[in-house]
Amino acid sequence: MSASVSETYVAAVQHGLADLSGDETLVGVVREPTGWFHAAVDENVPELGPPSDLLTETKQRTEDLKMQGLCEEGAHNAAWDETDFADRYRRHLDESESAQRALDSLTERVLDDESIVLVCFEGNDKRCHRTILRDRLRSRLGEVRKSGDSSHSPP
């Protein structure tokens, strides 16, 4: 088996729309999950969710844009750009010690042959932090594998 890192959204999991083999671990990456979210995933790692202030600011801007006539997806994606969500989330991953520890743990698990699926709320038509997180995790895995580090210590 070759371990992998992929991503999907919770409604796809709940409705059988996600491309899953059943061997993956579903890892929620939600800062403040609901009870029903916990039922859909194997575990949740809130440290890898966007910071609360960024979520609040982006949600407020999304609501403002919807009031101006944008559809849900359009408002969400425009708010993502206007709040500089992607760069701010990357900065969170770089600067938060708890996020670094969580990334180290997921990296180690994948190196130990566990396939991980990152899960949050946003559907495929909305920009989402889980794609940034997936790419970051894949990059770390590539760096460790390229270095040939048998101790599995992430860079």
Relative packing of peptides 12-24, 111-123 - highest average C-beta neighbours within 10 Å first | 111-123, 12-24
Dividing the helical contributions, -39500 (n - 2.57) per DSSP H run of n ≥ 4, by the residues of the chain yields a 222 nm value, nearest 500 deg cm²/dmol, of -16500 deg cm²/dmol
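Gain in length, LEU20 to ARG90, computed as 0.36 nm per residue apart minus the alpha-carbon separation, to one decimal in nm? Mind showing how you got there, number by number?
Details: separation 70, 0.36 × 70 = 25.20 nm, distance 2.70 nm.
So the chain would gain 22.5 nm between LEU20 and ARG90.
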Spatial separation of Cα centroids for the stretch 1-46 and the stretch 113-131, in angstrom | 8 Å
By the gyration tensor of its Cα atoms, with a ≥ b ≥ c the square roots of the eigenvalues, what is the shape of the stretch 1-109: rounded for a/c under 1.5, prolate for a/b over b/c, or oblate?
-> oblate
Which net charge results when you count Lys and Arg as +1 and Asp and Glu as -1 among the other residues whose beta-carbon is under 15 Å from that of PRO46?
-> -3
Taking a straight Cα-to-Cα line shorter than 21 Å from LYS126, and setting aside same-chain lysines fewer than 8 residues away, one finds LYS59, LYS66
Using a cut-off of 10 Å between beta-carbons, work out the net charge of the residues near SER115 (Lys and Arg +1, Asp and Glu -1, SER115 not included).
-> -3
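Only the coordinates and a few stated rules stand behind these numbers; no lab work does. Since this is a predicted model, take the numbers as computed values, not measurements. A quick note on method: Cβ atoms are made from the backbone with ideal geometry, for glycine too, and the neighbour counts reach across all protein chains shown.
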